[in-house]
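Just below is one structure, and these are the notes that go with it.
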Amino acid sequence: MSESVISETVAAGVVQITMNRPDRKNALDRTSYAGLIAAIAAAEADASIRAILLTGAGGCFTSGNDIKDFAAAAATGQGLTIAIDFLNAISTAKKPIVAAVEGFAVGIGTTMLLHCDLAFAGRTATFRLPFVTLGLSPEGGSSYLLPLVAGSKKAAELLMLGEPFGAEAAEDAGLVNAVIEEGTALEAGLAKAKTLAALPPESVALTKMLLKRGSAQAVAETIGTEAHHFGERLRSAEAMAAFAAFLKK
Ligand code: COA
């Protein structure tokens, strides 16, 4: 498993998956996505694991997709299929996933929360869906799921304006269960992951399946449709200018 993602059993039945590029604010490059996919697959395959705790190192969840990789994908004309593979993996995982968010949760760092079953955020956490500001378009099923959990006006505000928003706003938008003291999200997430791990696993898995059943097909279709547009937008002049501006800083 790559070092940019660490997977470790932290309590009976609980695996913690940590996005671990703190010097890049845990930006997700191809290696990180491969690590996340492998870690989720390993947790799903291990009968002793009953809950997944997802977090980021260094007081930051993740700054989203590595913008260098965006620029490289645009320059080479290659897509970022590995990011889509990760979204498909997290959105179809059968075991419960609990997210612990501190610091920044940007782009896919926010949209992946829509696929977690529970999420806790430290009070100072900052969220952002800057797809339009980067000349891109929504991903991760967010164009379908965000209106569902946040309402259509709120979803338009967050996805079209792309402005940063705080933990309280994230709770209002249905992205997190609770806002807690800064620095305690991991502790809170671990407590709930332990609770989940101690419950009857077949019943937990069945409940998760039933909760997702109604939207599963639409989510899968939306992830695919969004990926098509996102791939085109990556190569757009608007996006390339935005990547160049970020990388010049
Ligand atoms: N891709 C590549 N590098 C990134 C990154 C990303 N998504 N996010 C942060 N980094 C790099 C920064 O360029 C910086 O590199 P440097 O030390 O060589 O200058 C380093 O990580 C630390 O980030 P910095 O911007 O100095 O931290 P900050 O606390 O001032 O700001 C963010 C944090 C997350 C607000 C800011 O880094 C940011 O906006 N990142 C881009 C987020 C983004 O647009 N993601 C794509 C979403 S679709």
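The set of residues in region 59-81 being farther than 20 Å from Lys249 by Cβ and modelled with pLDDT of 95 or more consists of Gly59, Phe61.
Residues that are at positive phi and within 14 Å of the ligand (Cβ to nearest atom) do occur in region 128-141, at least one of them.
Restricting attention to region 210-249, the residues that are among the polar types (S, T, N, Q), open to solvent by 100 Å² or more (accessible area, probe 1.4 Å) and farther than 22 Å from Leu146 by Cα add up to 0. Taken over region 2-25, the residue count meeting the criterion of being within 12 Å of the ligand (Cβ to nearest atom) and without any contact (Cβ under 8 Å) to a residue 60 or more places away in the chain is 5. Output the residues belonging to region 59-80 that are away from the ligand (no atom under 16 Å from the Cβ) and either in contact with a helix residue (DSSP H, G or I) (Cβ under 9 Å, 6 or more places away or on another chain) or small (Gly, Ala, Ser) (or both). Answer for region 59-80, where residues must be away from the ligand (no atom under 16 Å from the Cβ) and either in contact with a helix residue (DSSP H, G or I) (Cβ under 9 Å, 6 or more places away or on another chain) or small (Gly, Ala, Ser) (or both): Gly77, Gln78.
Among the residues of region 60-91, those identified as over 16 Å from the mean Cα position of the chain (by Cα) and either over 16 Å from Leu136 (Cα atoms) or among the basic types (Lys, Arg) (or both) are Lys68, Thr76. Quick check: anything in region 158-173 assigned to a loop (DSSP other than H, G, I, E, B), more than 26 Å from Leu234 (Cα to Cα) and touching a residue at least 12 places away in the same chain (Cβ under 8 Å)? Checked region 158-173: at least one residue is assigned to a loop (DSSP other than H, G, I, E, B), more than 26 Å from Leu234 (Cα to Cα) and touching a residue at least 12 places away in the same chain (Cβ under 8 Å).
Considering (1) in a helix (DSSP H, G or I); (2) open to solvent by 70 Å² or more (accessible area, probe 1.4 Å), the lone condition that Glu182 does not fulfil carries the number (1). Selection of region 92-112 for residues being closer than 18 Å to Thr225 by Cα and either within 13 Å of the ligand (Cβ to nearest atom) or surrounded by 23 or more Cβ atoms within 10 Å (Cβ to Cβ) (or both) yields Gly107, Ile108, Thr111, Met112.
For region 219-249, taking the residues that are within 18 Å of the chain's Cα centre (by Cα) and among the aliphatic types (A, V, I, L, M), the one that is nearest to the ligand (Cβ to nearest atom) is identified as Ala227.
Those strands (runs of 3 or more DSSP E) of region 1-87 in which 1 or more residues are more than 20 Å from Val106 (Cα to Cα) and open to solvent by 10 Å² or more (accessible area, probe 1.4 Å) occupy 5-11, 14-19. All of Ser48, Ser91 fail the test of being at pLDDT 95 or above, hydroxyl-bearing (Ser, Thr, Tyr) and within 25 Å of Val219 (Cα to Cα), apart from Ser91.
The values are calculated or read from the model by the stated rules, or taken from the named source; none is laboratory data. Keep in mind that what you see is a predicted model, and the values were worked out from it rather than measured. So basically every Cβ, Gly included, is an ideal-geometry build from the backbone, and we count neighbours across all protein chains shown. Only protein heavy atoms, including side chains, enter the accessible area calculation; ligands, DNA and RNA are left aside. Shrake-Rupley method; radii C 1.70, N 1.55, O 1.52, S 1.80 Å.
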